[in-house]
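> Dropping the structure in here first, questions after.
The values are calculated or read from the model by the stated rules, or taken from the named source; none is laboratory data. Remember, predicted model here, so these are calculated numbers, not experimental data. When we count neighbours, we look across all protein chains shown, and the Cβ atoms used for this are built from the backbone with ideal geometry, even at glycine. The area values use the complete protein model at the heavy-atom level, side chains included, leaving out ligands, DNA and RNA. Shrake-Rupley method; radii C 1.70, N 1.55, O 1.52, S 1.80 Å.
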Amino acid sequence: MVATAATSSFFPITSSPDSIDSKNKKLGNGSTNLGGIKLNPSASSGSLQVMANAQAPPKINGTTVVMTPVEGFMSEDAASSTPPRTFINQLPDWSMLLAAITTIFLAAEKQWMMLDWKPRRPDMLIDPFGIGRIVQDGLVFRQNFSIRSYEIGADRTASIETLMNHLQETAINHCKSAGLLGDGFGATPGMCKKNLIWVVTRMQVVVDRYPTWGDVVQVDTWVSASGKNGMRRDWLVSNSKTGEILTRASSVWVMMNKLTRRLSKIPEEVRGEIEPHFMNSDPVVAEDDRKLVKLDDSTAQYVRKGLTPRWNDLDVNQHVNNVKYVGWILESTPLGIVESHELCSMTLEYRRECGRDSVLQSLTAVSGVGNLGNMGEIECQHLLQLEEGSEIVRGRTQWRPKNAKSFGKMDQVPAQSA
């Protein structure tokens, strides 16, 4: 029945000559009253004389009225002259079918554009809904980020926390794209079986120039071996449009048991998962092997107490996010330095983790070639510790006068060493 209805909507059914004759017979041989219209079959000219409930006046305003045949009412002679049914005059009204097809294609095109979205302007983010891609023989992960208005500070440039978040995000997405992400946060399937997680022990960051609002930065990251039980991860941040190197960073990671909170060796099963992704290359940042100074109340010049983590400062491993430590360290940096200088280099050593119930204090001592009274470069020593004395992070930062030249540049992602 459905097929018949659909067919009849595009292929109209016409009456056969036999059905026309039967209808004529039902009309009778005499004059037939059709809603007040009388039919006179005796007209020999093939036309019909029409009378509407009374004799029509022969003249109107002195002009003779000539009656024309009414379409749809034909005599037997006219009916017999109807053209025969052929393939051509039985074709459907294709306009309805074409309209339906056009509607379907327009809807499909709209859905396809939503799924396969492409930027319409060159300054828009190239891969807004993706997580980046693997490049350079499958060993380097690349992802673009657009600097948002809420990621810039008073200097109209991206904050150091924004850059650190980009580094952390690409590290996780690299594991995901390489198929190494298990149920944990950055943990491989083998690590999940043994309740192991990655923790960073050392981080070095060099900022040549900070991106501004609207810039699109390209972040490349790769991993290498670091000793017998460590992994080194490097990052190279550049302007996606000009290729200018903006930031370089290198870090060392080790494994920790998330139940006992103790460091662990790399199991052979896990080593087999991660070693095929190691890149044999030198660190993108030359290691600063100077010993980080331990500050105390007598050596620190600036102290900020009463720092406590909030709920959204914790990551899925239930410890404070590494980027949050950077913000806490800078809490005790003198305002005069922050106003006249910008952070250009940072070295951090992570000693232990802290939880949501911890109360911390940030200590800073100003040293180096400059001081608050001139516009030279300044070096600061930092310590983040629990109020009861346990060390969390030791650090050293270098500050350059704003709008000064950058430290130096690395032109491209390093090729794998032989």
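> Of the conditions (1) of a type in the set (Ser, Thr, Tyr); (2) in contact (Cβ under 8 Å) with a residue 40 or more places away in the chain; (3) within 29 Å of Leu330 (Cβ to Cβ), Ser264 clears all except one; give me its number.
(3) is the only condition that Ser264 fails.
> Does Ala300 meet the test of being of a type in the set (Gly, Ala, Ser) and either at pLDDT 95 or above or within 30 Å of the chain's Cα centre (by Cα) (or both)?
So Ala300 fits the description; yes.
> Can you pull out every residue in region 305-323 that is surrounded by 12 or more Cβ atoms within 10 Å (Cβ to Cβ), polar (S, T, N, Q) and under 16 Å from Asn257 (Cα atoms)?
Scanning region 305-323 gives a single hit, Asn317.
> Take region 231-245 and flag every residue that is in contact (Cβ under 8 Å) with a residue 40 or more places away in the chain and open to solvent by less than 40 Å² (accessible area, probe 1.4 Å).
Result: Met231, Arg232, Arg233, Asp234, Trp235, Leu236, Val237, Ile245.
> Give me a count of the residues in region 269-321 that are among the β-branched types (Val, Ile, Thr), in contact with a helix residue (DSSP H, G or I) (Cβ under 8 Å, 6 or more places away or on another chain) and part of a strand (DSSP E or B).
Counting residues in region 269-321 that are among the β-branched types (Val, Ile, Thr), in contact with a helix residue (DSSP H, G or I) (Cβ under 8 Å, 6 or more places away or on another chain) and part of a strand (DSSP E or B) gives 1.
> Condition test on Met255, is it over 21 Å from His166 (Cα atoms), open to solvent by less than 30 Å² (accessible area, probe 1.4 Å) and not acidic (Asp, Glu)? If you could, list the steps in order and put the result at the bottom.
Working: over 21 Å from His166 (Cα atoms): yes; open to solvent by less than 30 Å² (accessible area, probe 1.4 Å): yes; not acidic (Asp, Glu): yes.
Considered against the rule, which asks whether it is over 21 Å from His166 (Cα atoms), open to solvent by less than 30 Å² (accessible area, probe 1.4 Å) and not acidic (Asp, Glu), Met255 comes out as yes.
> Further question: Please specify each residue of region 142-187 satisfying the condition of being at pLDDT below 95, open to solvent by less than 20 Å² (accessible area, probe 1.4 Å) and not in a helix (DSSP H, G or I).
If the condition is that a residue be at pLDDT below 95, open to solvent by less than 20 Å² (accessible area, probe 1.4 Å) and not in a helix (DSSP H, G or I), then Gly186, Ala187 are the ones that fit.
> Taking the conditions exactly as written (in the same structural domain as Glu331 (by the TED database) and over 30 Å from Asp137 (Cβ atoms)), does Lys294 satisfy them or not?
Spelling it out, Lys294 is indeed in the same structural domain as Glu331 (by the TED database) and over 30 Å from Asp137 (Cβ atoms).
> OK, next. Just to verify a result, which residue in region 274-297, among those that are surrounded by 15 or more Cβ atoms within 10 Å (Cβ to Cβ) and under 28 Å from Lys258 (Cβ atoms), is nearest to the chain's Cα centre (by Cα)?
In this case the residue turns out to be His277.
> Output yes when any residue across region 245-253 is closer than 23 Å to Lys176 by Cα, of a type in the set (Lys, Arg) and in a loop (DSSP other than H, G, I, E, B), and no when none is.
There is no residue in region 245-253 that is closer than 23 Å to Lys176 by Cα, of a type in the set (Lys, Arg) and in a loop (DSSP other than H, G, I, E, B).
> Next question, about the same structure. So which residues in region 327-348 are open to solvent by less than 40 Å² (accessible area, probe 1.4 Å) and either closer than 23 Å to Ala187 by Cβ or not in a helix (DSSP H, G or I) (or both)?
The answer is Ser332, Thr333, Pro334, His341, Leu343, Cys344, Ser345, Met346, Thr347, Leu348.
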